[in-house]
Amino acid sequence: MMAEPVLELKSVERHYVQGPRKLTILNGADFTLQRGEMVAMVAPSGTGKSTLLHTAGLLERPDGGDVILSGRACGRLSDDERTAIRRNDIGFVYQFHHLLPEFSALENIMMPQLIRGLSKPEASKRAAQLLDYMQIGKRAQHRPAELSGGEQQRVAIARAVANAPLVLLADEPTGNLDPATASYVFDALEALVRQSGLAAMIATHNHELAARMDRRVTLAEGKVVPL
Ligand SMILES: Nc1ncnc2c1ncn2[C@@H]1O[C@H](COP(=O)(O)OP(=O)(O)OP(=O)(O)O)[C@@H](O)[C@H]1O
């Protein structure tokens, strides 16, 4: 397959000011994610993985440099413009599922599609397909509290890809799960990425899962480097 960059970080800077001190978290970070690629981000706590994912996912604006999505410079756009792009082109999965507790699994996956403007029948059909794909079709009407941890994370992954984003970003998506469940959830995530040609960057402390991805990177002195 020809290399086709879907996400590029170019000389990204991110600083936090804490009282008199300026903390530099990203210091000219460069990174390219190709279509169809799964990359593990493995780095010690506090080195800036979440900052990197939030910047790549247009949740935070870089203090310098830019984030390019499918050739379009997006990092420095206004909050409204970044939100619009994020809704369609970026899927996010967190360590904690963040599903809406009062809605069923199916409705949680319909939600981003309805916000995007799809009709209820269209959104429901795709949500049901994604639940089947994640092998939890029978749990469609369950609320998050009625699902196991592994099932909740599979719903969260299905929700993240509901709008067929370009990029999936995940911040310790299996961090709350026991090793067997983590492996099972990762199987579903991997199958989804492989089948759809999505690109994914996944922060994890789990070396076994990292070993299953195409490449591994870490953060060193504010830069993304191969591991
Ligand atoms: N809003 C903020 N204001 C000030 N400092 C911050 C802010 N957000 C993060 N930091 C600091 O930036 C550093 C990187 O934080 P980040 O959350 O990106 O780390 P991480 O590698 O994801 O850690 P973990 O694996 O523990 O989640 C930390 O030292 C943190 O204290």
Starting from segment 32-52, keep only residues that are of a type in the set (D, E, K, R), then list their pairs with residues that are away from the ligand (no atom under 16 Å from the Cβ) whose Cβ atoms are within a distance under 7 Å, requiring at least 6 positions of separation or different chains.
R35/E4; R35/V6; R35/G197; R35/A199; E37/A199; E37/D214
Could you identify the single residue in L209, L169, L198, L219 that is modelled with pLDDT under 95, closer than 23 Å to A29 by Cβ and within 16 Å of the ligand (Cβ to nearest atom)?
L209
Determine whether E13 is closer than 22 Å to I115 by Cα, within 16 Å of the ligand (Cβ to nearest atom) and either open to solvent by 10 Å² or more (accessible area, probe 1.4 Å) or at pLDDT below 95 (or both).
no
Selection count where residues are touching a Pro at 6+ places or on another chain (Cβ under 8 Å) and loosely packed, with under 14 Cβ neighbours inside 10 Å, scope segment 95-114:
2
For segment 50-86, enumerate the residues that are within 12 Å of the chain's Cα centre (by Cα) and at negative phi.
S50, L52, L53, H54, T55, A56, G57, L59, R86
List pairs: first residue in segment 190-211 and on the phi < 0 side of the Ramachandran plot, second residue in a loop (DSSP other than H, G, I, E, B) and away from the ligand (no atom under 16 Å from the Cβ) anywhere in the structure, Cβ distance under 6 angstrom, at least six positions apart or on different chains.
A199/R35; A199/E37
Complete set of residues in segment 176-190 that are under 14 Å from the mean Cα position of the chain (by Cα) and open to solvent by 20 Å² or more (accessible area, probe 1.4 Å):
E190
Residues in segment 37-51 that are open to solvent by less than 20 Å² (accessible area, probe 1.4 Å) and either touching an Asp or Glu at 6+ places or on another chain (Cβ under 8 Å) or part of a strand (DSSP E or B) (or both): how many?
6
Can you tell me which condition F92 does not meet? The list is (1) at pLDDT 95 or above; (2) part of a helix (DSSP H, G or I), and all the others hold.
(2)
Of those in segment 52-64 that are surrounded by fewer than 20 Cβ atoms within 10 Å (Cβ to Cβ) and not in a loop (DSSP other than H, G, I, E, B), the residue farthest from the ligand (Cβ to nearest atom) is G64
Does L147 count as farther than 17 Å from H98 by Cβ and crowded, with 17+ Cβ neighbours inside 10 Å?
no
Using the structure shown, decide if P165 is in contact with a strand residue (DSSP E or B) (Cβ under 9 Å, 6 or more places away or on another chain), buried (at least 19 other Cβ atoms within 10 Å of the Cβ), touching a residue at least 24 places away in the same chain (Cβ under 8 Å) and closer than 22 Å to A3 by Cα.
yes
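The values are calculated or read from the model by the stated rules, or taken from the named source; none is laboratory data. All values reported here derive from a predicted model rather than from experimental measurement. Methodologically, a virtual Cβ is constructed for each residue, glycine included, from the backbone with ideal geometry; neighbour enumeration extends over all protein chains shown. Side chains included, ligands, DNA and RNA excluded: accessible areas come from the protein's heavy atoms. Shrake-Rupley method; radii C 1.70, N 1.55, O 1.52, S 1.80 Å.
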